[in-house]
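Input: a single structure, listed below in structure tokens.
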Amino acid sequence: AANIPLVSELAIDDIHFDDFSLDVDAMITAALRMFMELGMVQKFKINYETLCRWLLTVRKNYRMVLYHNWRHAFNVCQLMFAMLTTAGFQDILIEVEILAVIVGCLCHDLDHKGTNNAFQAKSGSALALYGTSATLEHHHFNHAVMILQSDGHNIFANLSSKEYGDLMQLLKQSILATDLTLYFERRTEFFELVSKGEYDWNIKNHRDIFRSMLMTACDLGAVTKPWEISRQVAELVTSEFFEQGDRERSELKLTPSAIFDQNRKDELPRLQLEWIDSICIPLYQALVKVDVKLKPMLDSVAANRSKWEELHQKRLLASTASSSPASVMVAKEDRN
């Protein structure tokens with residue numbers, strides 16, 4: 001453990017951490033550093049060799065898809081670590097909650113196949129047997145349990161049975177919380193509590209909902225990163241979506257919705273604006289009300305929104321310019 005780089009060397013305590021700065025092996029050592037730094041290894045007497053083996057197996061159980069891969073899982077975990085340490089949530093959440101969200105981040109997309117919940121239902125995937133609610137997230141959780149139960153992988157071996165039971169409940173909650181449908185179901189309650197100033201750390205339901213919102217904030221965290229990183233991630237997500245859209249066309253004979261449709265790729269800026277306005281901004285605004293130290297995240301979202309707005313306006317101008325009769329004829333000939 002002595003030769004694991006320090007937090008400052010890895011820059012993992014930075015809210016604006018560069019998602020592409022570490023290679024696949026450095027991400028393993030950085031994850032080890034997070035466990036050590038948060039006091040998890042000491043508090044829960046986690047065997048160091050078991051932790052290394054567990055991390056390597058978690059990495060191996062992410063597929064080589066464009067976006068929902070090991071790097072995404074690590075980046076979500078890094079942002080959780082930065083938020084816990086920067087905003088001081090580390091002092092408010094109890095240790096078993098911290099362990100659950102950190103492990104939850106690393107495992108939240110395990111064995112993701114690059115297609116979403118709706119695709120599982122439409123294609124009659126075996127995973128749809130989990131039901132239509134949080135289909136993939138149940139799979140990710142079950143996959144996480146399977147790894148923990150594999151020989152030499154139980155990082156929770158030294159927990160008391162009470163702690164273990166609590167932890168598994170919290171872990172399941174954390175992973176299921178990354179289903180956006182569940183986020184939509186719960187966010188109104190959270191936003192109201194926060195805006196009325198009624199949020200209370202001592203009420204269990206409030207803490208539960210807060211941890212869920214924190215999971216979503218980390219899962220969507222690329223939108224809070226500097227523009228170049230944020231744009232690059234948006235392109236990866238979009239490419240993965242387009243691959244699903246192509247499969248919907250070829251295998252299921254369906255017309256994909258806009259975000260999955262390769263033929264509508266020039267609508268990306270508009271779709272990003274909708275995504276930021278309806279899903280991201282309200283969440284980060286609420287979290288800033290809980291802790292003002294998170295304001296730099298919200299500022300970044302606003303800065304990225306301006307960039308997408310600029311690209312959107314450029315596209316509108318270009319399409320207006322090209323819709324004169326002559327250019328429409330040329331465009332038609334191009335398509336033939």
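The values are calculated or read from the model by the stated rules, or taken from the named source; none is laboratory data. Keep in mind that what you see is a predicted model, and the values were worked out from it rather than measured. Every residue, glycine as well, gets a Cβ built from its backbone with ideal geometry; the counts of neighbours run over all protein chains shown.
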Worksheet item: Of everything in segment 206-229 that's free of Cβ contacts under 8 Å to residues at least 60 places away in the same chain and within 19 Å of residue 134 (Cβ to Cβ), which residue is surrounded by the most Cβ atoms within 10 Å (Cβ to Cβ)?
Response: 212
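Per-residue answers, yes or no, for (1) surrounded by fewer than 18 Cβ atoms within 10 Å (Cβ to Cβ); (2) not polar (S, T, N, Q):
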| position | (1), (2) |
| --- | --- |
| 104 | no, yes |
| 109 | no, yes |
| 115 | no, no |
| 122 | yes, yes |
| 125 | yes, no |
| 132 | yes, no |
| 142 | yes, no |
| 146 | yes, yes |
| 149 | yes, no |
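Criterion first (part of a loop (DSSP other than H, G, I, E, B) and at pLDDT 85 or above) does residue 158 satisfy it?
Details: part of a loop (DSSP other than H, G, I, E, B): yes; at pLDDT 85 or above: yes.
Spelling it out, residue 158 is indeed part of a loop (DSSP other than H, G, I, E, B) and at pLDDT 85 or above.
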Discussion item. Residues to consider are 171, 148, 193; find the one that is under 19 Å from residue 72 (Cβ atoms) and either acidic (Asp, Glu) or assigned to a helix (DSSP H, G or I) (or both).
Written reply: 171
Worksheet entry | So residue 31, is it touching a helix residue (DSSP H, G or I) at 6+ places or on another chain (Cβ under 9 Å), small (Gly, Ala, Ser) and modelled with pLDDT under 95 | no
Worksheet item: Taking segment 196-239 on its own, how many of its residues are charged (D, E, K, R) and part of a helix (DSSP H, G or I)?
Response: 8
Practice prompt. Among residues belonging to segment 92-133 that are among the acidic types (Asp, Glu) and part of a loop (DSSP other than H, G, I, E, B), point out the one that is farthest from residue 203 (Cα to Cα).
Written response: 111
Discussion item. Among the basic types (Lys, Arg), surrounded by 11 or more Cβ atoms within 10 Å (Cβ to Cβ), modelled with pLDDT under 90 and out of contact with any Ser or Thr (no Cβ under 7 Å at 6 or more places or on another chain): which single residue out of 264, 305, 315, 335 fits that description?
Written reply: 264
Worksheet, complete the sentence: Being under 23 Å from the mean Cα position of the chain (by Cα), aromatic (Phe, Trp, Tyr) and farther than 22 Å from residue 51 by Cα narrows 184, 141 down to just 184
Practice prompt. Those residues that are surrounded by 20 or more Cβ atoms within 10 Å (Cβ to Cβ) and either within 13 Å of residue 208 (Cα to Cα) or in contact with a strand residue (DSSP E or B) (Cβ under 6 Å, 6 or more places away or on another chain) (or both), I need them from segment 177-192; list them, please.
Written response: 177, 183, 190
